[in-house]
Amino acid sequence: MKSLLLSLSILVQTNIAIAQQPVPTESVGPPTGGEVAPVPPIEDPVYDLATVQMEPEFPGGQVALMSYISSHIIYPTEAVEASIEGKVHIEFVVARDGRVKDVTLKRGVNSLLDNEALHVVRGLPAFKPGMMNDRAVAVRYLLPIVFKLT
């Protein structure tokens, strides 16, 4: 009986000692001398164009977007000399504030044309943002840009 009481006593004391130790907080990355690294904020979800209630809108609409692109594209001289044509697909996100961000090449033709398309899309002015449940939301947008020599 004494050994049972002694075992229970040791068990209880151990549990009390463990319970009194500080609980580690969640951190990101390696410990830095006792400091806890901040947890990065959760980013807003990015919706696909087909799923939002109201799509992002370029100032002046689609016709103005195509006009902007055609007036800002400079067909690279080397591409003209090599008769390079094709359709470049650029993906970007229209952020909640309308800014164009996260511009990436989805399907390219040639690095000359790809880089020109990326350059022009990165320079797009802000859109009217997409809407979901009466809230501005970030929306993924895919834009094909056709390079055609005439």
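Structure data summary
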quantity	calculated
Placed amide H near Arg107: partners under 5 Å, 5+ positions off or other chain	His89
Accessible-area composition of segment 75-135, carbon plus sulfur, in percent [1.4 Å probe]	44
For segment 76-150: accessible area per residue (Å², 1.4 Å)	55
Ala138 long-range amide H proximity, modeled H, under 5 Å	Tyr47, Arg96
Mean Cβ count within 10 Å, highest first, over the residues of peptides 126-133, 74-81	126-133, 74-81
FRET efficiency, 1/(1 + (r/R0)^6) with R0 25 Å, evaluated for Met66 and Lys106 via beta carbons	0.85
Estimated distance in nm for a label pair at Asn115 and Ile73, the labels positioned 7 Å out from Cα along Cα-to-Cβ	1.8
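The values are calculated or read from the model by the stated rules, or taken from the named source; none is laboratory data. No experiment lies behind these values; they were computed from the predicted model shown. Glycine gets a Cβ as well: all are built from the backbone with ideal geometry, and neighbour counts include every protein chain shown. Surface accessibility is based on the protein's heavy atoms, side chains included, excluding ligands, DNA and RNA. Shrake-Rupley method; radii C 1.70, N 1.55, O 1.52, S 1.80 Å.
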